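Worksheet: the structure to be examined is printed underneath.
What follows draws every value from the coordinates through simple rules; no lab data is involved. On a predicted model such as this, the values are computed, not experimentally measured, just so you know. Using ideal geometry, Cβ is built from the backbone for each residue, glycine included, and neighbour counts are taken over all protein chains shown.
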Amino acid sequence: MAARVLDLVPGEDPEQRREERAEQARPHAAPPARVLGIRLREMRLEAGLRGQDVVAAGAIGSTSKLSRYETANGAARPDAATVARLAALYGYADPESLRALTSLVDDANQHRWWTDYRDVVDTSLNNLMAVESAAKEIRTFSDSLVPGLLQTSDYARAIMQAPYLGKPDHATIDRRWEVRRRRQQLLESPEAPDYSAVVSEGALRKWVGGRKVMRGQLRQLFNLAENRDSVHIRIFTDRACEQVCPLTSAMTVFKFPATGEPDMIYREGLNSGGTWLSEPADVDLHAASMTELFQHSLGKRETLALLEHLIAGFADDAEPDRN
């Protein structure tokens, strides 16, 4: 079932409802814990139960704990026995439903490799990687930079130096690149999601890191676009803005396996994290914009041809491309 806005259940505590809305609006919760929470709340509302009804039935210890489960908020991890009791109370005791919920519980409690990089992985990046690892399809647009999953080491390091104002912390940059490289392995795995990236022509003409760095980055994009079946790279040309304008400068649409998880949107900032959107109206708007951008971008053959042209423009003996 897709996430949707539901009216207040008759008799439900308005104060608890306001708290739940506030928690759900926060951007820090992400799949799989967030998906589990959304699903549990939908199931409870479908059953017509208030939080106090669930507690009175003995399925969980308190309404505050139930709220933490439903909003994926707090340090407590969900346990399978509690989730099973809630599912049974809500009328979802069949084996298939329980397997899907148990899988989400296991994923929510799984130790992620990036927890060993707490010094350079903030909450925003932690949640982004959790979502990426759960998605079956990722579609992204970037107007100013090559997306992180496609960046070379030199290109990424050039960007990562930006916050240090000419005095880079090389040890921190090394750690950040190590995280990014491990994150990129997602696209190399046998279970890689289907990944589509629309990159603006302007982003590919910027001299990030200089001529050599850009030449290497463009070659990387060419090789991925030509040889990786699950990676689809398209260029959104400057002239395409005659027909459609991007909704935002950087966004990613995440789609999940067919087990009831809602799609999610991530709007990203430069070296400053991003914002999660999961309300159906927001998701539909950004997904439609993403589809439009892909449709008005160059096809695969034309993208490869333009990449070759741009690579030649960054050759050592080439004049700066002013076009």
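Annotations
- Descending by average beta-carbon neighbour count within 10 Å, the peptides 135-142, 52-59, 191-198, 292-299 line up as 135-142, 191-198, 292-299, 52-59, the highest first.
- Assigned charges on the beta-carbon of Lys, Arg, Asp, Glu; segment 215-308 dipole about Cα centre (debye): 460 debye
- Which listed pairs, of Lys167/Lys212; Lys136/Lys206; Lys167/Lys255; Lys212/Lys255, have C-alpha distances above 29 Å, in listed order: Lys136/Lys206; Lys167/Lys255; Lys212/Lys255
- In segment 228-314, a dipole from Cβ-located charges (positive for Lys and Arg, negative for Asp and Glu) runs towards its positive end, and of Cys241, Leu306, Ile265 it is Leu306 whose Cα lies farthest in that direction.
- Compactness check for segment 148-202: Cα Rg over 2.2 N^0.38 Å is 1.32.
- Between segment 112-161 and segment 195-265, the Cα center-to-center distance that results, in Å: 14 Å
- For segment 179-238, averaging the sequence separation of C-alpha pairs within contact (under 8 Å, six or more residues apart) and dividing by the residue count gives a relative contact order of 47 percent.
- FRET efficiency for the pair Asn109 and Arg301, taken as 1/(1 + (r/R0)^6) with r the Cβ-Cβ distance and R0 = 41 Å, rounds to 0.35.
- Charges were assigned to the Cβ only: +1 to each Lys and Arg, -1 to each Asp and Glu. The resulting dipole of segment 109-212 about its Cα centre is roughly 360 debye.
- Gain in span if fully extended, Gln184 to Asp282, counting 0.36 nm per residue against the direct Cα distance: 32.6 nm
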